[in-house]
1. Just to be sure I understand, how many residues within segment 199-249 are closer than 30 Å to residue 138 by Cα and touching a helix residue (DSSP H, G or I) at 6+ places or on another chain (Cβ under 6 Å)?
2. What do you reckon, is residue 241 loosely packed, with under 15 Cβ neighbours inside 10 Å, at pLDDT 95 or above and farther than 23 Å from residue 2 by Cα?
3. Out of (1) assigned to a loop (DSSP other than H, G, I, E, B); (2) touching a helix residue (DSSP H, G or I) at 6+ places or on another chain (Cβ under 9 Å); (3) surrounded by fewer than 17 Cβ atoms within 10 Å (Cβ to Cβ), the odd one out for residue 153 is which?
4. Identify, from the list 131, 125, 165, the residue that is more than 17 Å from the chain's Cα centre (by Cα), assigned to a helix (DSSP H, G or I) and surrounded by 16 or more Cβ atoms within 10 Å (Cβ to Cβ).
5. For segment 36-74, how many residues meet the condition of being in contact (Cβ under 8 Å) with a residue 12 or more places away in the chain, farther than 21 Å from residue 126 by Cβ and either part of a helix (DSSP H, G or I) or touching a strand residue (DSSP E or B) at 6+ places or on another chain (Cβ under 9 Å) (or both)?
6. Within segment 1-17, take every residue that is without any contact (Cβ under 8 Å) to a residue 60 or more places away in the chain, crowded, with 22+ Cβ neighbours inside 10 Å and outside any loop (DSSP other than H, G, I, E, B) and give me the one that is farthest from the chain's Cα centre (by Cα).
7. Tally the residues that are assigned to a helix (DSSP H, G or I) and free of Cβ contacts under 8 Å to residues at least 60 places away in the same chain, restricting the search to segment 212-257.
8. So how many residues does segment 24-35 have that are touching a residue at least 40 places away in the same chain (Cβ under 8 Å) and at negative phi?
């Protein structure tokens, strides 16, 4: 079996990459931030040299969007320098790196394609865009942009809605930011499928791709689906009010519209994209079980 080194292995996508690797013919080498700081160039070179992976997937990232505004140096070290270090160490080895819808400014009126102009609104988007450039400079570097990631692992919007909604019984959520909630497990499946195909002789497919679930909604719409699933499973009701972003100011500006066009990844690799609604109920159930 091929050896797959996974950085950021304890995050949402990294956890699912590790869980699903075997089913795709990989022996996972999962490394969390305590195992490997990707911003340390020498450490990256040393680990890659010692482990001799057949492929690398980078799921490590600084994702605290608001905190990034006041800590751009550290954000850049992880989101830009880290991918550059991996790209330098992965000569001849396929490297897949995750990026974000935050590279766009959100003024578009149709789903964003890979070739559309980028204009990040904040530090997180700027540093992720720099990381993309570093990975794409590698001969076998592939970038997968995704968005609105959630799961039963770590910290994310779905888990926050369940926790705070159950505590308060009522919440106000912005309704003028639109995107596509995407389960970490589906992202991991798509990534593993891509790397498997690349190892089987499709290196020419290295490049830039978009991947999310299908469909679109607002944060308010996502919250409504979460609370519908919560009510179905526990009988608990959470009152939900739609508000504009202006009523919920944050340090970092968010793109108002960040739906991604995923036709290219479907055509190139044959990946499937479930409707965004599909994994919500199962994820709510998993979170409730973990809370027991």
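The values are calculated or read from the model by the stated rules, or taken from the named source; none is laboratory data. These numbers were taken from a predicted model, which means no experiment stands behind them. All Cβ positions, glycine included, derive from the backbone under ideal geometry; neighbour counts span all protein chains shown.
1. Residues meeting the conditions: 3.
2. The answer is yes for residue 241.
3. (3)
4. 165
5. Total satisfying the criteria: 13.
6. Checked segment 1-17; the qualifying residue farthest from the chain's Cα centre (by Cα) is 5.
7. Total satisfying the criteria: 11.
8. 2
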